[in-house]
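Participant: Starting off with a structure, shown below.
The values are calculated or read from the model by the stated rules, or taken from the named source; none is laboratory data. In this text the structure is predicted, and so the values were computed from the model without any measurement. Positions of Cβ are generated from backbone atoms using ideal geometry, with glycine treated the same way; all protein chains shown enter the neighbour counts.
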Amino acid sequence: MAIAEAKINMEALNRAIDEVFYGQLDSTLLYYFQACVNCKACEAACPFTPTSLHYSPVNKAEVARQLYRYRFSVWGRTVGRAIGGSKKYLSLEEAETMVDYVWHCTNCGACMFVCPMAIDSGAMIDLLRQVAFKAGMVPKIYNDIANLEISGKYWEIEYFRNAWSSLISKIKDAIGKEVPLDKKGSEILFYASIYEAIVYPDVLVKVAKILDMLNKDWTFMSKPLGIRPP
C-alpha cells in the first residue's frame, strides 16, 4: 500500500499512539482485547483472508492487542515485554505492517457476526486506522481526495457531476415532481455526498421519498459539499 509522499514519521506515530489509541480506549474495546479465545472463526468470514492469512481479523487486530498489553496486562508488563508480545510503541517495520493491515478491512462486521465472543475486530482495526490518520500514514489517494475537496475542484470531474445529476433525476421520478433544491428557510436539509450518490443512490432516493410522503419542508442540494460523508 503506497503511503502518501513522506516516509513514516515515527515521532508522529508515537504521539498518535499516545493521543488516539490510548486516549480512546473504553470498556467495550478492553473487552474486545481481552476476550479473544483464538478460535479463528472470524478467519473464514473475513473477505480479505482468501488473499492472505496475514489479513485474518485476529492477525490484524494483534497489533492493537500488543499495544494494549504493554500498559494494561500483567503478562504484557512482564513476560510479554521480554518475548515481544507487548509493545509500548512500534518499530518502523511494525508500523509498515500496521499500515498495510488497517487498509485491508472494510468494517463489514462479518468477524463479529461469527465470533462466539461477539468481538468486533473491525473496531480495533479502525482504532489503528485513526492512529494512522493522525500520524499522516494514509494512502496517497486519500490525500488526493482531501485536496480535491479543499480546492473545490472535485466538481470539475465529469463523472461526479453526472452521478449527482443522475441522483436528482431519480429523486424527481420517485416523488413525481421537481426536487426542491437549495430552498432557503427549509426545515430539513437533506445532506448527501458524492460518495453516497455513487455507492448507494437508491437509499438516498428512498429517504427523499419518505420526506416527501410525510409532507416535510425539506430541500436537497444542487451541488454536493464534498466527496466523502462528513
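Participant: Which residue pairs have Cβ atoms closer than 9 Å, lie 6 or more positions apart in sequence or on different chains, and pair a first residue in region 159-177 that is closer than 11 Å to ASP202 by Cα with a second residue that is at pLDDT 95 or above and of a type in the set (Lys, Arg)?
Facilitator: Taking only residues 6 or more apart or on different chains, the pairs are ILE171/LYS209; ALA174/LYS206; ALA174/LYS209.
Participant: Given the structure, is LEU13 under 21 Å from the mean Cα position of the chain (by Cα) and closer than 17 Å to LEU128 by Cβ?
Facilitator: Here the answer is yes, as LEU13 does meet what is asked.
Participant: Okay, next question. So if I check each of SER165, SER222, SER169, SER151, which one is closer than 30 Å to ASP100 by Cβ and not aliphatic (A, V, I, L, M)? First the steps, then the outcome.
Facilitator: Values: SER165 fails: closer than 30 Å to ASP100 by Cβ; SER222 fails: closer than 30 Å to ASP100 by Cβ; SER169 fails: closer than 30 Å to ASP100 by Cβ.
Testing whether each residue is closer than 30 Å to ASP100 by Cβ and not aliphatic (A, V, I, L, M) leaves just SER151.
Participant: Here's another thing I want to ask about it. Scan the helices (runs of 4 or more DSSP H) fully inside region 156-230 and keep the ones with 2 or more residues being surrounded by 13 or more Cβ atoms within 10 Å (Cβ to Cβ) and charged (D, E, K, R).
Facilitator: It comes to 158-175, 201-213.
Participant: Looking for something under 17 Å from LEU30 (Cα atoms) and in a loop (DSSP other than H, G, I, E, B) - is there at least one such residue anywhere in region 124-146?
Facilitator: Scanning region 124-146 turns up no residue that is under 17 Å from LEU30 (Cα atoms) and in a loop (DSSP other than H, G, I, E, B).
Participant: Also: Which residue is farthest from ILE119 (Cα to Cα), if the candidates are limited to region 73-101 and must be outside any loop (DSSP other than H, G, I, E, B), free of Cβ contacts under 8 Å to residues at least 40 places away in the same chain and among the small types (Gly, Ala, Ser)?
Facilitator: ALA82
Participant: Taking the conditions exactly as written (among the aromatic types (Phe, Trp, Tyr), more than 23 Å from MET10 (Cα to Cα) and in contact with a Phe, Trp or Tyr (Cβ under 7 Å, 6 or more places away or on another chain)), does TYR68 satisfy them or not?
Facilitator: Judged against the criteria, TYR68 is not a match.
Participant: Could you run through region 185-204 and say how many residues are within 22 Å of the chain's Cα centre (by Cα) and either hydroxyl-bearing (Ser, Thr, Tyr) or not assigned by TED's automatic domain parsing to the domain that holds LEU167 (or both)?
Facilitator: 4
Participant: Separate question: Evaluate the following for GLY76: is it surrounded by fewer than 13 Cβ atoms within 10 Å (Cβ to Cβ), assigned by TED's automatic domain parsing to the domain that holds GLN130 and over 20 Å from the mean Cα position of the chain (by Cα)?
Facilitator: no
Participant: Do you know which of the residues in region 38-72 that are part of a loop (DSSP other than H, G, I, E, B) and of a type in the set (Ser, Thr, Tyr) is surrounded by the fewest Cβ atoms within 10 Å (Cβ to Cβ)?
Facilitator: So the residue we want is SER52.
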